[in-house]
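Here is the structure we will look at, set down as structure tokens.
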Amino acid sequence: MNEYYVPASDACAEFIERKSRFIGTIWRVETEEEALAHIKEMNEKHRDATHNVYAYIIKENNIMRYSDNGEPQGTAGMPTLEVLRREGITNVLCVVTRYFGGILLGAGGLVRAYAHSAKIALDAAGVSVMRQWTQMLLEAPYNWQERVKLRTEEKGGIIEGTEFGASVLFDICVPSETVEEFTADIIDFTNGIVSPIPMGDKFMGVRIR
């Protein structure tokens with residue numbers, strides 16, 4: 001199965017650790033050139049910062065790079081990269097900007113601070129899975145709304161939109177290889193009241209968290 005995980009959006013999050021300000025910023029990037037352009041942009045935007053640490057992973061050619069940007073070796077760029085790797089994210093760049101607050105954190109404190117900054121930035125961005133999806137429509141009576149919603153999610157469907165009219169119309173995405181099984185299950189589960197309508201296949205990212 002050809003699927004991989006990417007940031008769902010660009011995002012920024014920050015926190016204060018013993019008077020040092022850490023700003024984590026996440027981008028989805030498709031090429032190393034794109035990553036380097038964002039790094040340059042952040043170096044200019046935060047030229048007065050003490051450090052602009054970065055880490056990025058590019059799926060094409062399996063590229064992984066990081067920089068401690070003046071922090072002690074192994075205390076900044078690598079912990080940032082490890083967060084991205086542990087979360088299984090690719091086509092991603094994280095820059096962690098630090099404004100030193102005057103209190104030394106020590107090696108362990110730096111590792112924890114940079115890892116935490118990357119994690120909260122990634123949490124703010126969210127995660128999408130890139131794979132082959134089939135978009136489907138489910139029309140359900142109102143008395144079936146919650147049951148159909150829960151069943152769809154239980155069976156791996158992602159609800160992307162809901163419209164309310166004479167009935168409830170769910171716009172969903174289902175992994176393409178499970179369409180037949182999913183359709184049969186919904187028909188059986190609702191005693192034929194709801195019959196999913198396929199609207200086409202597409203390789204795309206769908207947010208999962």
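Nothing in this text is a laboratory measurement; each read-out follows from the coordinates by a stated rule. Keep in mind the model is a prediction, meaning the values are calculated, not measured. FYI the Cβ positions are ideal-geometry reconstructions off the backbone, even for glycines, and counts take in every protein chain you see.
Exposure proxy ranking for L36, L105, based on other Cβ atoms within 10 angstrom of each Cβ and starting from the fewest, stands as L36, L105.
With just the Cα atoms defining each centre, how far is the range 54-120 from the range 131-196? Give it in Å. Cα centroid of the range 54-120 versus Cα centroid of the range 131-196: 40 Å apart.
Using DSSP to define loop residues, name the GluC sites (Glu not before Pro) in the range 22-58 whose beta-carbon has at most 12 other beta-carbon atoms within 10 Å. In loop regions of the range 22-58 (DSSP not H, G, I, E or B), the sparsely surrounded GluC sites (Glu not before Pro) are E30. Between the beta carbons of M199 and R86, assuming R0 = 45 Å, the FRET efficiency works out to 0.80 to the nearest 0.05. Using every pair of separate Cα atoms, the Kirkwood estimate puts the hydrodynamic radius of the chain at 19.1 angstrom.
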